[in-house]
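The values are calculated or read from the model by the stated rules, or taken from the named source; none is laboratory data. Quantities reported herein were computed from a predicted structural model and do not represent experimental measurements. Glycine also receives a Cβ, built like all others from the backbone with ideal geometry; neighbour counts cover every protein chain displayed. With ligands, DNA and RNA removed, areas are computed over all heavy atoms of the protein, side chains included. Shrake-Rupley method; radii C 1.70, N 1.55, O 1.52, S 1.80 Å.
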Amino acid sequence: TMNTTNTNNSNINSSLSIKQILLKDDTNASHSKITISSYDIVFPYQPYDNQITYMQKVIESLSNRHIAALESPTGTGKTLCLLCAALGFLKKQRSMGKNYRIYYTTRTHSQISNVIQELNKTLYKPTTAILTSRDNACINRELQNDKGVLLNIKCKLAKKGRCEYYKKIGMYSDY
């Protein structure tokens, strides 16, 4: 089901073509499709002006291959805007045969959880891999209470044949 709503927002740069189309997925949840500079961005809600502006700046930065430092107050949807804009950009680039990749980094493990939670709200389903330290990822119960340098030393010793988990990883080393 697709309902079209064109918006003409004076707060948004008029050199960019922005139109909003209401999409429904197979769960009947509504999503907005916004076109910014020929990039289609699917957003899980009707975006506010500040969110459209944020996504516009992401698209501009990616298109020009510039580094961007974007900020917005807590609760304004920065993570969701960044994900949707970047993944909309990636989709178009790949459709043109360009092999772009996105690396999304966070400072803390709990921030990774928030990003994945936000990503699950979208229609985008990219291949993801989460990289983390041994402190967060070691599943060897004998080592789980250790952290930092001590964990690294014990892990090296365990890998010399005694760690059943490390042996299992070796079975997949050709992949």
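A few comments on the model shown:
- Accessible solvent surface per residue of segment 34-121, calculated while the other protein chains remain in place, 1.4 angstrom probe, Å²: 61 Å²
- Efficiency of FRET between S113 and L70 - r from beta-carbon atoms, R0 30 angstrom, step 0.05: 0.90
- Here the peptides 64-72, 46-54 are ranked by packing, the mean other Cβ count within 10 Å, and the order with the highest first is 46-54, 64-72.
- Carbon/sulfur fraction of accessible area - segment 89-154, other protein chains in place, 1.4 Å, %: 51 percent
- The label point for E142 and the one for D49, both projected 7 Å from the Cα toward the Cβ, are 6.3 nm apart.
- Enclosing the Cα atoms of segment 23-158 in their convex hull gives a volume equal to 168 cubic angstrom per residue.
- When S32, S113 are compared by accessible surface with a 1.4 Å probe, the order from highest to lowest is S113, S32.
- Within the assembled protein chains, the solvent-accessible surface assigned to L80 is about 10 Å², based on a 1.4 Å probe.
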